[in-house]
Amino acid sequence: MNKNELVSLFHKELRYEAQTPGYIREETEHVVRHISEFGESGFIIDSNVNNVNVKAVIKNELNYFNNLKQDFEWKVYSYDKPDYLKDLLEQEGFTGGEPEALMVMKLTDAHPLLMDSQLLDVKEITDEQGIQHIVNLEDAIWNESHEELGKRLWRDKQSSPDTLYLYGIYEEEQLVSAAWMYLETNSSFASLWGGSTLPLFRGKGYYTKLLAARAQKAYEKGHPFLTVDASPMSKPILEKCGFDCLAYSYGYQSPTIK
């Protein structure tokens, strides 16, 4: 499967057709939007706009979410059209985040990640206390609150335990590295999240171990494609493991609803 075919498969399964736990999917002529069922931020994951209608569509979505009293993210990929979509979003008050690399890999039987058996120190996290440990870890690394993340992970783990898998590495009963994965509904993809390690414990291969644990579970469950939005720090590690960079993604946050 070449790069263009991978992009098409990703777009079809994880943008256009995506179903996300805790969200109501709504498809219009121009966008696929997801509305939070729990008062969290919504998001637009896919858009079909052109030079003629793009400004009107953006304004319409701002009005739509404003009526719902819900902030939202408009996810833009580097292959989206028109090329200046990001500029138009900024003109309407959206705030853009740092670009992330869209990394995708297809697993095969002999892939090194699937052959890695040195994972005894990787623990699967299944309870609320373990998820709170993840929240504490993320808070410490990024110096901001991840309370909403913790609530969503625990809610998803309770409601759909076979679609969310969380893993961590402990040293002296302290969680020092963690990551999780969603097995996407009606999809051949598993999406990878997290992969954070406390600074004092980096350089020990923990990121790769957590990657291997998730790859093995995804393959076991029949999801041969792995995808992750990677930071500049993670991208080189993922490339060494066989991931290809297909595009770049940008999360544009809507103006805060007052």
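The values are calculated or read from the model by the stated rules, or taken from the named source; none is laboratory data. Because the structure is a prediction, the values reported are computed rather than measured. Here the Cβ positions follow ideal geometry from the backbone for every residue, glycine too, while neighbour counts run over all protein chains shown. Just so you know, the surface numbers come from the protein's heavy atoms only, side chains and all, with ligands and any DNA or RNA stripped out. Shrake-Rupley method; radii C 1.70, N 1.55, O 1.52, S 1.80 Å.
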Quick one: is Asp116 of a type in the set (Asp, Glu) and modelled with pLDDT under 95? yes
Can you name every one of the strands (runs of 3 or more DSSP E) wholly within segment 122-218 that holds 2 or more residues which are without any contact (Cβ under 8 Å) to a residue 60 or more places away in the chain and under 21 Å from Ser41 (Cα atoms)? 174-183, 189-197
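Yes or no, residue by residue, for (1) under 20 Å from Val228 (Cβ atoms); (2) open to solvent by less than 10 Å² (accessible area, probe 1.4 Å):
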residue: Asn136; (1), (2): no, no
residue: Asp139; (1), (2): no, no
residue: Trp142; (1), (2): yes, no
residue: Asp156; (1), (2): yes, yes
residue: Thr163; (1), (2): yes, no
residue: Leu166; (1), (2): yes, yes
residue: Glu171; (1), (2): no, no
residue: Val176; (1), (2): no, yes
For segment 222-239, enumerate the residues that are at pLDDT below 95, open to solvent by 40 Å² or more (accessible area, probe 1.4 Å) and not charged (D, E, K, R). Ser231, Pro232, Met233, Pro236, Ile237
Would you confirm whether any residue within segment 213-221 is at positive phi, open to solvent by 20 Å² or more (accessible area, probe 1.4 Å) and either out of contact with any helix residue (DSSP H, G or I) (no Cβ under 6 Å at 6 or more places or on another chain) or among the aromatic types (Phe, Trp, Tyr) (or both)? no
Restricting the search to segment 30-80, which residues are β-branched (Val, Ile, Thr) and either closer than 22 Å to Tyr248 by Cα or touching a residue at least 24 places away in the same chain (Cβ under 8 Å) (or both)? Val31, Val32, Ile35, Ile44, Ile45, Val49, Val54, Val57, Ile58, Val76
List pairs: first residue in segment 1-29 and at negative phi and touching a residue at least 60 places away in the same chain (Cβ under 8 Å), second residue in a helix (DSSP H, G or I) and surrounded by 13 or more Cβ atoms within 10 Å (Cβ to Cβ) anywhere in the structure, Cβ distance under 7 angstrom, at least six positions apart or on different chains. Pro21/Asp156
